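Novice: Please see the structure below; I have some questions.
The values are calculated or read from the model by the stated rules, or taken from the named source; none is laboratory data. Here the structure is a predicted model, which means the values were calculated and not measured. Counting neighbours? That spans all protein chains shown, and the Cβs are built from the backbone with ideal geometry, glycine included. The protein model used for the area step is the full one, side chains on, heavy atoms only, and it has no ligands, DNA or RNA in it. Shrake-Rupley method; radii C 1.70, N 1.55, O 1.52, S 1.80 Å.
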Amino acid sequence: MHRRLFPRTLALVALVAAAATAGAPTATAESPTPAATRLNATIDTILADSRLAGAQASVVVVDAASGETVYNRNGDRRLIPASNTKLLTSAAALELLGAGHRFRTDVLTSGTRRAGVVSGNLHLRGGGDPTMLAADYDALAAQVAAAGVRLVTGNLMADDTRYDRTRLGPDWTWDDEPYYYAAQVSALTVAPDTDYDAGTVIVHAAPGATAGDRPVLTTTPATGYLRFDNRAETVASGETSISFEREHGSNTVVVTGQIVVGDEPESDWVTVWEPTGYAADVFRAALRKHGVRVLGRTVLGQPTPASAATVARHDSMTLAELMVPFLKLSNNGHAEVLTKEIGRMRSGSGTWSAGLAAITGYVADAGLDTGTLRQRDGSGLSRRNLVPADEFVRLLAAVRAEPWFDAWYAALPIAGEPERFIGGTLRSRMRGTPAAGNVHAKTGSLTGVSSLSGYVTDADGRVLAFSVLLNNYLASSVKGLEDQIAIALAAYHEDGVSAARVAPPAAPDAPRAPEGRECSWVKPIAC
């Protein structure tokens, strides 16, 4: 990574020069064309919307090839970027870890082994894989059985020591803790399905047979790691409304509300307290299924002896492949695992601080002014993250020269594309406009924070890099304003275009996500 990025030099010089104009409300060439003037006026009008009264807005648009500034409003202002932070993390991960990087999970034995009996311990060693499913642990258990192991006289040792034991970001708010977007980070964990929300369990509540019965509770994956305080009730009529809330510091989930007889089950994602134990529980159950008995207890957090012998192994998908669920779904857990993995691979320390230091080094090498920004986590859940829109467009322009750019660009959400692993968090936005199928961009949402940064191809075929950061608004949502800006850019024609074409169609606002939650198509939220 220490190579200098010479192919970017001309574009970066142009971007640095363009940044000098950031103090002006808008900035284009010295003698803007009538079309550019109209585009500036259109974006200015969008930003004058009453929903942004008293708020902060930063918008920067550049020609990604030349670095020419198309529009700049407060481009040097540090604002909370929410999940646009993942642009920094994902680009650094691809560069520092490599697009072919995989996470490895091993099962090993220590002690002596004879005639199917291990006189010692069985070690489950985590490599940080955030995509490990119950089926993967089942496959590992099958490998153990196929290796001839039938009885382990010692303990099941769950080794999560690849990363440190700091499970939650230091700036995350305490009331986010039970929810899937703020799951604890461990090098040994489980995801319940192919959304890959590692460290969570999907809890299902089905109605009882008759009114007055408690709902029937099940989990995906099946696990005894959670305990339930079931206070909910099955009712004969009315509206179904079930709530799942994990108690702080425990794996007790309180279930409240009601569900109508005959209704479909209600489901939600719930984080676990201590994902390492969750992974060990799922693996132990898989071992039993395959006829492997472990007589001892489960021990968490102990390193595997160097002399241990490998009996099973699972390799994850490549990092390039992981970019799709990571960026399309805006998966916070993936961002934090990648941050710690970067730290582990670059300095031998699987910590947030080591990972963030390496990310900062990468973005500085890519041409960003790291003295103007602060990154406190990998995902953007921290409200102490501060990044100017200028720096996002610098990154967006610079990475187009990277060999992994095509995979990264394809992994960004695409406006108006209904398929979940194509449109992602933009799947329901900008449909039927010039931006649909065109805008590739990262969304971001926290209460009072909204962001959209990425690429749009204008009517002349130019690729524009843009960043829209909106903070401190009181409206329920301002995403419609982001969409209007993106639509105006998609319709922009440098040589002149009718005002009707530049003026964006009205874009309805989507519902606001709860604090920290990104737009989703599976989870019970949308934005």
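Novice: Just to be sure, is residue 197 buried (at least 22 other Cβ atoms within 10 Å of the Cβ) and not aliphatic (A, V, I, L, M)?
Specialist: Values: buried (at least 22 other Cβ atoms within 10 Å of the Cβ): yes; not aliphatic (A, V, I, L, M): yes.
It is true that residue 197 is buried (at least 22 other Cβ atoms within 10 Å of the Cβ) and not aliphatic (A, V, I, L, M).
Novice: Condition first: open to solvent by 60 Å² or more (accessible area, probe 1.4 Å) and outside any helix (DSSP H, G or I). Now tell me which residues in the stretch 280-301 satisfy that.
Specialist: 293, 295, 297, 300
Novice: Determine, yes or no, whether residue 237 is part of a loop (DSSP other than H, G, I, E, B) and open to solvent by 40 Å² or more (accessible area, probe 1.4 Å).
Specialist: yes
Novice: Now a separate question. Pull up the stretch 302-327, narrow it to residues that are open to solvent by less than 50 Å² (accessible area, probe 1.4 Å), β-branched (Val, Ile, Thr) and farther than 26 Å from residue 197 by Cβ, then point me to the one that is nearest to the chain's Cα centre (by Cα).
Specialist: So the residue we want is 304.
Novice: Oh, and also: Does the stretch 395-403 contain any residue that is open to solvent by less than 10 Å² (accessible area, probe 1.4 Å) and touching a His at 6+ places or on another chain (Cβ under 9 Å)?
Specialist: no
Novice: Follow-up question, since we're still on this one. Within the stretch 128-151, identify whether any single residue is among the aromatic types (Phe, Trp, Tyr) and in contact with a helix residue (DSSP H, G or I) (Cβ under 6 Å, 6 or more places away or on another chain), and answer yes or no.
Specialist: Checked the stretch 128-151: at least one residue is among the aromatic types (Phe, Trp, Tyr) and in contact with a helix residue (DSSP H, G or I) (Cβ under 6 Å, 6 or more places away or on another chain).
Novice: Quick one: residue 249 ticks every box in (1) over 27 Å from residue 325 (Cα atoms); (2) at pLDDT 95 or above bar one, so which box is it?
Specialist: So residue 249 meets the others, but not (2).
Novice: Of all residues in the stretch 197-235, which are aliphatic (A, V, I, L, M) and in contact with a strand residue (DSSP E or B) (Cβ under 7 Å, 6 or more places away or on another chain)? Outline the logic, then answer.
Specialist: Kept after step one, since they are aliphatic (A, V, I, L, M), are these residues of the stretch 197-235: 198, 201-203, 205-206, 209, 211, 216-217, 222, 226, 232, 235.
The answer is 201, 202, 203, 205, 206, 211, 216, 217, 226, 232, 235.
Novice: Given the conditions (1) in contact with an Asp or Glu (Cβ under 6 Å, 6 or more places away or on another chain); (2) under 30 Å from residue 413 (Cα atoms), which single one is not true for residue 327?
Specialist: Here residue 327 meets the rest and fails (1).
Novice: Same structure again: Every residue in the stretch 146-168 that is more than 16 Å from residue 249 (Cα to Cα) and either part of a loop (DSSP other than H, G, I, E, B) or touching a Gly at 6+ places or on another chain (Cβ under 6 Å) (or both), please.
Specialist: Of everything in the stretch 146-168, those that are more than 16 Å from residue 249 (Cα to Cα) and either part of a loop (DSSP other than H, G, I, E, B) or touching a Gly at 6+ places or on another chain (Cβ under 6 Å) (or both) turn out to be 147, 148, 149, 150, 153, 154, 155, 160, 161, 162, 163, 164.
Novice: Can residue 135 be described as surrounded by fewer than 19 Cβ atoms within 10 Å (Cβ to Cβ), on the phi > 0 side of the Ramachandran plot and without any contact (Cβ under 8 Å) to a residue 12 or more places away in the chain? Quick ask: steps written out before the conclusion?
Specialist: On the way: surrounded by fewer than 19 Cβ atoms within 10 Å (Cβ to Cβ): yes; on the phi > 0 side of the Ramachandran plot: no; without any contact (Cβ under 8 Å) to a residue 12 or more places away in the chain: yes.
No; evaluated as a whole, the condition is false for this residue.
Novice: Under 24 Å from residue 56 (Cα atoms) and open to solvent by 10 Å² or more (accessible area, probe 1.4 Å), is that true of residue 457?
Specialist: For residue 457, the condition - under 24 Å from residue 56 (Cα atoms) and open to solvent by 10 Å² or more (accessible area, probe 1.4 Å) - is not met.
Novice: Condition (residue is of a type in the set (S, T, N, Q) and either touching a Cys at 6+ places or on another chain (Cβ under 6 Å) or under 22 Å from residue 200 (Cβ atoms) (or both)) applied to the stretch 305-322: is it met by at least one residue?
Specialist: Yes, because at least one residue in the stretch 305-322 is of a type in the set (S, T, N, Q) and either touching a Cys at 6+ places or on another chain (Cβ under 6 Å) or under 22 Å from residue 200 (Cβ atoms) (or both).
Novice: On to the next question. Answer with yes or no whether residue 212 is on the phi > 0 side of the Ramachandran plot, open to solvent by 10 Å² or more (accessible area, probe 1.4 Å) and at pLDDT 95 or above. Give the steps one after another, and end with the answer.
Specialist: Values: on the phi > 0 side of the Ramachandran plot: yes; open to solvent by 10 Å² or more (accessible area, probe 1.4 Å): yes; at pLDDT 95 or above: yes.
For residue 212, the condition - on the phi > 0 side of the Ramachandran plot, open to solvent by 10 Å² or more (accessible area, probe 1.4 Å) and at pLDDT 95 or above - is met.
Novice: May I ask you to list the residues in the stretch 404-427 that are part of a loop (DSSP other than H, G, I, E, B) and crowded, with 17+ Cβ neighbours inside 10 Å?
Specialist: Answer for the stretch 404-427, where residues must be part of a loop (DSSP other than H, G, I, E, B) and crowded, with 17+ Cβ neighbours inside 10 Å: 404, 412, 413, 415, 416, 417, 427.
Novice: Need the failing condition index for residue 347 against (1) buried (at least 17 other Cβ atoms within 10 Å of the Cβ); (2) within 22 Å of residue 103 (Cβ to Cβ); (3) not aromatic (Phe, Trp, Tyr), just the number.
Specialist: (1)
Novice: Can I ask one more? Of all residues in the stretch 438-448, count the ones that are open to solvent by less than 40 Å² (accessible area, probe 1.4 Å) and either more than 24 Å from residue 92 (Cα to Cα) or assigned to a loop (DSSP other than H, G, I, E, B) (or both).
Specialist: 3
Novice: Could you list, in sequence order, the residues of the stretch 162-193 that are open to solvent by 60 Å² or more (accessible area, probe 1.4 Å) and under 27 Å from residue 311 (Cβ atoms)?
Specialist: 165
Novice: Still on this model: Does the stretch 246-261 include one or more residues that are under 18 Å from the mean Cα position of the chain (by Cα) and open to solvent by 50 Å² or more (accessible area, probe 1.4 Å)?
Specialist: Kept after step one, since they are under 18 Å from the mean Cα position of the chain (by Cα), are these residues of the stretch 246-261: none.
The answer is no, given that none of the residues of the stretch 246-261 is under 18 Å from the mean Cα position of the chain (by Cα) and open to solvent by 50 Å² or more (accessible area, probe 1.4 Å).
Novice: Cβ-Cβ distance below 7 Å, separation of 6 or more or different chains: which pairs start in the stretch 224-243 with a residue that is within 30 Å of residue 288 (Cβ to Cβ) and end on one that is in a loop (DSSP other than H, G, I, E, B) and of a type in the set (S, T, N, Q)?
Specialist: Cβ pairs passing all conditions: 225/251; 226/251; 227/251.
Novice: Out of 112, 105, 131, I need the residue that is more than 22 Å from the chain's Cα centre (by Cα) and of a type in the set (S, T, N, Q). Which one?
Specialist: Answer to the selection: 112.
Novice: If a residue has to be closer than 20 Å to residue 282 by Cα and assigned to a loop (DSSP other than H, G, I, E, B) to count, how many in the stretch 179-203 make the cut?
Specialist: 17
Novice: Out of all the residues in the stretch 484-505, is one or more more than 18 Å from the chain's Cα centre (by Cα), among the basic types (Lys, Arg), modelled with pLDDT of 90 or more and over 21 Å from residue 380 (Cα atoms)?
Specialist: No, because not a single residue in the stretch 484-505 is more than 18 Å from the chain's Cα centre (by Cα), among the basic types (Lys, Arg), modelled with pLDDT of 90 or more and over 21 Å from residue 380 (Cα atoms).
Novice: Separate question: Give me the strands (runs of 3 or more DSSP E) completely within the stretch 44-121, filtered to those with at least 1 residues that are of a type outside the set (A, V, I, L, M, F, W, C) and open to solvent by less than 20 Å² (accessible area, probe 1.4 Å), ordered by residue number.
Specialist: Because the criterion is at least 1 residues that are of a type outside the set (A, V, I, L, M, F, W, C) and open to solvent by less than 20 Å² (accessible area, probe 1.4 Å), the strands (runs of 3 or more DSSP E) in the stretch 44-121 that meet it are 56-63, 69-73, 104-109.
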